[in-house]
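What follows is a short report on a single structure.
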Amino acid sequence: MQEQRGHIRLIGMRLPRAVGYHLATAKNDLTRFPDRLRQSTAARLQRERQRLALWAETVRLSSPQLILKRGYSLTLKEGKAVRSADELHVGDRIITLFGKGSQESQIV
């Protein structure tokens with residue numbers, strides 16, 4: 001019993017210091033929280049801006065006008081893109097779009 005009382009007394013003496021240390025640490029964390037939140041938010045916004053810029057560039061590079069300017073053409077039948085020669089039959093009228101201009105044709 002005597003040994004346990006000594007142990008409890010020792011814990012009782014250490015407890016205020018331990019509680020004080022943990023309270024100081026928590027207070028310090030709370031004090032730094034607004035700055036850390038501001039920094040992490042700014043970093044996240046920057047990453048999202050970069051990601052959005054990348055998507056915008058991908059969309060821009062995928063625009064039909066830009067693709068046509070590179071030398072490709074787009075063939076339309078009844079206003080819809082022709083994806084295969086199998087879609088075309090003798091007598092069909094088509095429109096071919098180029099980077100500069102267009103040409104109407106008839107399949108023979």
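With an 8 Å cut-off on Cα pairs and a minimum separation of 6 or more residues, tell me the relative contact order of the chain in percent. 16 percent. Our note on the geometry: Cα centres of the range 1-61 and the range 65-81, 56 Å apart. Once the Cα atoms are used to define both axes, helix 2-61 deviates from the longest principal axis of the chain by about 10 degrees. Taking Cβ atoms as reference points and 14 Å as the exclusive limit, the residues near Gln103 contribute a net charge of +2, counting Lys and Arg as +1 and Asp and Glu as -1.
The simple spin-label model puts a point 7 Å past each Cα toward its Cβ; for Glu87 and Arg38 those points are separated by 5.7 nm. Of all the options Leu68, Leu52, Leu23, the one that moves most in a Gaussian network model of the chain with Cα springs shorter than 10 angstrom is Leu23.
Each 10 Å bin from 0 upward holds the following percent of the Cα-Cα pairs of the chain: 11, 18, 13, 10, 10, 9, 8, 7, 7, 6, 2, 0.
Take the chain and mark each of the trypsin sites (Lys or Arg not before Pro) that is in a DSSP loop with at most 12 other Cβ atoms within 10 Å; the longest unmarked stretch, sites excluded, is 1-69.
Here the spin labels are modelled as points 7 Å beyond Cα on the Cα-Cβ line, and at Arg5 and Ser105 they lie 10.8 nm apart.
Bear in mind that the values in this text are calculations on the coordinates, not laboratory data. Predicted model only: the values in this text are computed from it and were never measured. Because the Cβ atoms are built from the backbone with ideal geometry, glycine has one as well, and the counts that use them run over all protein chains shown.
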